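Read through the structure below, which is laid out as structure tokens, and then see the notes.
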Amino acid sequence: MISQETIQEVIRRLVKTYDPLEIYMYGKYAWGTPDEDDDLSLLVIVESSNQKVSQRSYLGFEALLSLKIPNNVAVFTKQEFDKNCQDVNSLTSEVKNRGKRIFFR
């Protein structure tokens with residue numbers, strides 16, 4: 001399992017990397033009982049981005065690489081997140097409703 005201290009370091013690194021508006025944790029670390037095989041799933045919300053959604057996670061993966069933990073980082077702009085949340089079947093809607101907001105400014 002990933003310790004709380006490591007999760008706090010993950011938050012610190014993602015804040016430094018993205019200067020996000022919010023960060024949500026989802027998956028077993030947010031609403032289940034994680035085991036050593038589960039990854040830390042995070043959704044980062046930024047004000048804006050010129051990159052495609054599929055390219056934005058790269059910086060986060062790189063920032064967390066030395067921690068050697070399994071992770072999944074998705075990065076959305078605020079506008080994308082709000083729009084996608086309107087679809088109740090979307091990941092963003094589930095994250096907003098069931099995830100744990102672990103950072104906001």
Pick out the one residue from N97, N50 that is outside any helix (DSSP H, G or I) and either among the aliphatic types (A, V, I, L, M) or surrounded by fewer than 16 Cβ atoms within 10 Å (Cβ to Cβ) (or both). N50
For segment 33-53, check the following and say yes or no: at least one residue is within 15 Å of the chain's Cα centre (by Cα) and free of Cβ contacts under 8 Å to residues at least 24 places away in the same chain. no
Taking only segment 76-91 into account, find how many residues are of a type in the set (A, V, I, L, M, F, W, C) and under 19 Å from N50 (Cβ atoms). 2
Matching entry among E9, E62 (being open to solvent by 20 Å² or more (accessible area, probe 1.4 Å), part of a helix (DSSP H, G or I), at pLDDT 95 or above and touching a helix residue (DSSP H, G or I) at 6+ places or on another chain (Cβ under 7 Å)): E9
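The values are calculated or read from the model by the stated rules, or taken from the named source; none is laboratory data. All values derive from a computational prediction rather than experimental measurement. We place every Cβ from the backbone using ideal geometry, glycine too, and count neighbours over all the protein chains shown. Heads up: the accessible areas ignore ligands, DNA and RNA and are worked out on the full protein's heavy atoms, side chains in. Shrake-Rupley method; radii C 1.70, N 1.55, O 1.52, S 1.80 Å.
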